[in-house]
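Trainee: The following block contains the structure, expressed as structure tokens.
Bear in mind these aren't lab numbers, they're just calculated from the coordinates by the rules spelled out. The shown structure was predicted, so the numbers you read here are calculated from the model rather than taken from an experiment. Glycine also receives a Cβ, built like all others from the backbone with ideal geometry; neighbour counts cover every protein chain displayed.
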Amino acid sequence: MEGAGGLGELIADGMPPAPMARSGSSAGRPGRIGRRARASGEGPKRVQSINCEEELELALAISASEAGTVAQWVRRPGGRDGREARERQEAEDRDFALALQLQSEGETRRRPTIPSSTPGDQAPAPPRQGGQARPGAEQPTTSSPDELMDSHRCAGCNKWLGFHKWMSALEKKWHTDCFRCPGCRKPIQGKYSAKDGEPYHPECHRVLFHERCKVCNNHLPLVANRISWSEHPFWRQKYCGKHNTDGTPRCTACECLKGRGANWVLLEDGRQLCSSCQETVVVDTEDCQPLYTEILQMYRDLGLTLPSRPPLMLVFQQALNECDALEGHHKGSQTRGMTLAEEYRSIRTVKRSSGWAVRSEMVPVERRHCSVTAILVLYGLPRLLIGSILAHEVMHAYLKLNRITRLSQDVEEGLCQLMALIWLERQDPQDYYEKRLGSFTAHQIRTNPTAVYGDGFRAAHAAFQCYGLTAVVNHVKETQQLPVPNERIK
């Protein structure tokens, strides 16, 4: 009972009481403090000379003994009321907080980071028993016991962590039962994803915050614990990769995929037109004549006057495919425009009947002294796209009418693509979507990956920037080749 007598002396001197430990193996440490007190002087007055090292030893002993058991109080002879018991509890809490602070200061710097399988996924530190202070920790010198207790509160319920198991996550401390997902209110065990300082189950985080497919409006799928999607290179429209092959319609003009419930127009030849591209659609041959006149005027302004005006016709996709099969110039790609030679005697053109309805009609084409009998353009496209196609085809007509022939495909198509881009860059649409559509069409011309249309355009554009349009056309007329930039030409 020597240890108990030592504690009694501490209480009599007004010092904060320390509870008795329940296990016999740990109860000896308080007794040893009492013995040291009597050995150092005269009873309680000499107890205050116990150094910080002994106080730390006491805190470690208490926290170790209380880690696995419930605190029990030993009343002094004579008994005390509930207030005295609360004071003892507070004193014990202060001692425990001091030991806990020593532990956390050493562990915070060394706690490993658990890798996550997806960006934002993390895993909390494993639960720890509150009383497991790290031996050998340095004595704090700046924090009071009250401050230590405040720093050891649960981020979920704001209560002191006490002797319960707790964990560390998001740079905070939590009771294991308070570490819950705000989405489903269920505890989190294992990995989590963070949003605004709150932990979420990875699946709850995906449902609440991940992007949705622009086609089906479902969340973008997880593949091998990573979000997977396809994306249009210009419009940045993100969608599930399966829609590339599941028959989801694309707009015939802007190439965007049709979203669920979208109101699109189904054209007579099976193509579909999105609601934005419908705003400036050119439906039939008569509608396109003012645009044709505008493009011919641009050619005259640039010094490339056509000797005659070949007939222009807007046609179905099938008519273009039939003509293309005879010419054989666009194998493996969709044909949107064509300049015809004289062997064609009749063309099936499109005329409006009422509203969006159109009908097909055979129109005879007279033989002319020039080699161009008609320019064909696919109907049902927005004005900017039809204009770029028409500017391309008029260059074919210009070369034929001026007998600039025997050109390689990349030279001729490169010049035609150059004229399409020049026309687009001269446009100044006021509508935001029209501006974006014009940028998209120009982007397609610049980034075309094929040798004939892509490389041919880039060579023609480089020559145009170096020498100007007239010099480039004259050089092609004389040599059947595009001039090389920075080389002297006639």
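Trainee: Only Cα pairs under 8 Å and at least 6 apart count here; give the relative contact order of the range 278-479 as a rounded whole percent. Could you put the intermediate results ahead of the total?
Mentor: Details: 284 pairs, mean separation 43.2, N = 202.
Across the range 278-479, relative contact order equals 21 percent.
Trainee: Based only on other Cβ atoms within 10 Å, what is the fewest-to-most ordering of 215, 377?
Mentor: Values: 215 22, 377 25.
Fewest to most other Cβ atoms nearby, the residues stand as 215, 377.
Trainee: May I ask which of 195/238; 159/195; 173/195; 195/435; 242/435 have a Cα-Cα span longer than 25 Å here? Don't skip to the answer; put the middle values down first.
Mentor: On the way: 195/238 22 Å; 159/195 23 Å; 173/195 17 Å; 195/435 37 Å; 242/435 30 Å.
Check vs 25 Å cut-off fails for 195/435; 242/435.
Trainee: Give the order of 361, 413 when sorted by the count of other beta carbons within 10 angstrom, beginning with the fewest.
Mentor: Values: 361 11, 413 25.
Going from least to most buried by this count: 361, 413.
Trainee: Right, another one. Taking the Cα centre of the range 278-479 as the origin, how large is its charge dipole in debye, to the nearest 20, when only Lys and Arg (+1) and Asp and Glu (-1) carry charge on their Cβ atoms?
Mentor: Working: 21 positive and 23 negative charges, 44 e Å.
Roughly 220 debye, rounded to the nearest 20.
Trainee: Just to confirm my numbers, what's the Cα centroid distance between the range 385-412 and the range 243-301 in Å?
Mentor: That distance is 23 Å.
Trainee: How about the range 169-229: which GluC sites (Glu not before Pro) there lie in a loop by DSSP and see at most 10 other Cβ atoms within 10 Å? Intermediate results must be reported in sequence, preceding the final value.
Mentor: Values: sites: 171, 203, 211; in loops: 171, 211.
Passing both the DSSP loop test and the Cβ count: 171.
Trainee: So how do 235, 264 line up by other beta-carbon neighbours within 10 Å, fewest first?
Mentor: Least to most surrounded, the residues fall as 235, 264.
Trainee: For the range 181-217, run through the trypsin sites (Lys or Arg not before Pro) and keep only the ones in DSSP coil with at most 11 other Cβ atoms within 10 Å of their Cβ. Write out the running numbers ahead of the final one.
Mentor: Values: sites: 185, 191, 195, 206, 212, 214; in loops: 185, 191, 214.
Counting only loop positions with at most 11 other Cβ atoms within 10 Å, the trypsin sites (Lys or Arg not before Pro) in the range 181-217 are 185.
Trainee: Net charge near residue 414, counting Lys/Arg +1 and Asp/Glu -1 over other residues with Cβ under 10 Å of its Cβ? Don't jump to the answer; show the numbers that get you there.
Mentor: Values: positive: 458; negative: 410, 412, 413, 455.
In short, -3.
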